[in-house]
Amino acid sequence: MELAVSQSSKHKLRVLFVDDDESISGLLESELPRMGHTATICRSPGEAIEAVSKNTFDAAIVDLRMPGGSGWDVIDQLREHSPETDYVISTGHGSMDDAIRAIRMGAYDFLPKPVSLFEISAVLQRIGDKKSLQNKNTALESRLKQVEGRSDLIGESKSMERVKTLIEKIAPTDSAVLILGETGTGKEMVARRVHEQSERADAPFVAVNCGAIPENLVESEFFGHRKGAFTGADTARTGLFEVANGGTLFLDELGELDKSMQVKLLRFLESGEVRRVGENEPFRVDVRIVCATNCDLQEMVEAGTFREDLVFRVNTFEIHLPPLRERRDDIPALARHLIARHLKRETAPESILAPETIALLKSQEWAGNVRQLANVMEHAMILSDGKCIMPEDLPRSMIKGGSTPSASSDGIQFGDEPRTLREMEDQMILHVLEKHEGDKPSAAKELGIALKTLYNRLGQLEQCREAG
């Protein structure tokens, strides 16, 4: 073995070293701990196989040719008992066939002898970097699941059963899906369910709110850009279509896309190709598109603000998500599910909601749908100290019968008794805006809509007021 000065590794690994050469084994027995690793030194295949049957390892360095057996036997045991182990083959009698076999069996590296301590340190450093990244990704996925919750579709009403049945039928396909429903009904939850029940479940699910991206950055966000493509593009950027490659891209608030981006989305749906901003050559990505909107796209087509051919492309299948007021019998189960999620538990007891509380919840109109119910349950849980929720634990406006303020901080007047679904949504917007004392970003966040959407709705309200 060629000697080199060893350096301490920033990653502490459990390392199995298998070699019948006493000089090499003895040296590594002292040098691996000096590098910061925990070392198990075995001088025969049998000894190594016994060690593998009792322990797991982060990395293994295995000699192929040893008396009493083969390094391949050790590797077979590693693959069976410690599949997370990254193994490196080291041999002085290696051949091209051995190298090819090692690669096919998933070896991390192939080091011909004589090998230096520097090479061993370097390969263990790379393995450590890989393990660290895997751990970070696992931790991030765990945090995301805690934030997002599970994609459970709660409810046994006929309308929700129809939604679940439709998802089961269309999820295994690669067809485009359009999810329609009011704000707060859980359209992203349905999109996630479609993804999780598809053959793409192990690939990325990428969700983007089309109304939350500044118009001048939408193309870059979707398709990426090369460095220097425009002012401020100091580094290259990978677009969301690339990030979602092999998986599902969920485009929420589809109606907020401007005409130029509608054309580019249509082009992708027809060709499967994307082109980064600043580049000439397109490339293909394999992405399933799922869209959602609370807008009437047909009305937008007639108004000239949305392309009819794009509507045809995105709604191969439509899923209509019912508003909460049309499935009142689902409210108790939904409320308990939201409480359990707030408490970070699997379930919540039925007794958590008093009968009179359930009756009051079922009597509401729920203009904000499930998102509004989630906010109400969080409010009630805080006031009830986690005990049985009584009517007095609900927001005051709900206890008084759900009356909604008739004016916002912008001075837009609105009637006390909404007659249509649109008016009920506007009442909710004005109520939340007044609650936040005119702070539009905070109001948009609570409503679960893009700031751009909030401004558009307020502008429409102002036009109605002036016309009236």
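The values are calculated or read from the model by the stated rules, or taken from the named source; none is laboratory data. Source: prediction; values computed, not measured. Neighbour counts run over all protein chains shown; Cβ positions are idealised from the backbone, glycine included.
So here's what we get for this one:
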| quantity | calculated |
| --- | --- |
| Some residue of the stretch 175-192 being more than 13 Å from G255 (Cα to Cα), assigned to a strand (DSSP E or B) and either among the aromatic types (F, W, Y) or modelled with pLDDT of 90 or more (or both) | yes |
| Failed item in (1) under 21 Å from I167 (Cβ atoms); (2) within 28 Å of the chain's Cα centre (by Cα), with E326 passing the rest | (2) |
| Flag for E156 being exposed (fewer than 14 other Cβ atoms within 10 Å of the Cβ), in a helix (DSSP H, G or I) and either among the acidic types (D, E) or in contact with a Lys or Arg (Cβ under 7 Å, 6 or more places away or on another chain) (or both) | no |
| Residue count, the stretch 73-99 (criterion: in contact with a strand residue (DSSP E or B) (Cβ under 9 Å, 6 or more places away or on another chain) and either in a loop (DSSP other than H, G, I, E, B) or in contact (Cβ under 8 Å) with a residue 24 or more places away in the chain (or both)) | 16 |
| G272 being touching a Pro at 6+ places or on another chain (Cβ under 9 Å), small (G, A, S) and assigned by TED's automatic domain parsing to the domain that holds D174 | no |
| In the stretch 88-137, residue modelled with the lowest pLDDT [restricted to those that are farther than 23 Å from L28 by Cα and small (G, A, S)] | S95 |
| Hits in the stretch 352-372 - residues which are among the hydrophobic types (A, V, I, L, M, F, W, C), surrounded by fewer than 20 Cβ atoms within 10 Å (Cβ to Cβ) and within 25 Å of E182 (Cβ to Cβ) | I358, A359, L360 |
| Hits in the stretch 267-287 - residues which are exposed (fewer than 14 other Cβ atoms within 10 Å of the Cβ) and within 22 Å of the chain's Cα centre (by Cα) | D286 |
| For E365: the one exception among (1) of a type in the set (D, E, K, R); (2) touching a residue at least 12 places away in the same chain (Cβ under 8 Å); (3) part of a helix (DSSP H, G or I) | (3) |
| Residue list for the stretch 220-239, restricted to those being assigned to a helix (DSSP H, G or I) and either surrounded by fewer than 22 Cβ atoms within 10 Å (Cβ to Cβ) or at pLDDT below 90 (or both) | S220, E221 |
| Some residue of the stretch 370-383 being on the phi < 0 side of the Ramachandran plot, without any contact (Cβ under 8 Å) to a residue 12 or more places away in the chain and not in a helix (DSSP H, G or I) | no |
| Filtered residue count, the stretch 181-191, keeping only those that are surrounded by 22 or more Cβ atoms within 10 Å (Cβ to Cβ) and under 18 Å from E168 (Cβ atoms) | 4 |
| Of residues in the stretch 312-338 being assigned to a helix (DSSP H, G or I) and in contact with a strand residue (DSSP E or B) (Cβ under 8 Å, 6 or more places away or on another chain), the one nearest to L269 (Cα to Cα) | V314 |
| Flag if V243 is over 14 Å from A176 (Cα atoms), in contact (Cβ under 8 Å) with a residue 12 or more places away in the chain and over 22 Å from the mean Cα position of the chain (by Cα) | no |
| Matching residues in the stretch 311-344 - criterion: being touching a residue at least 24 places away in the same chain (Cβ under 8 Å) and small (G, A, S) | A333, A335 |
| The stretch 449-466 residues that are assigned to a helix (DSSP H, G or I), paired with ones that are modelled with pLDDT of 75 or more and surrounded by fewer than 15 Cβ atoms within 10 Å (Cβ to Cβ) (beta carbon under 8 Å, 6 or more apart) | L451/P441 |
| Counted residues, the stretch 26-55 - those being β-branched (V, I, T) and part of a helix (DSSP H, G or I) | 2 |
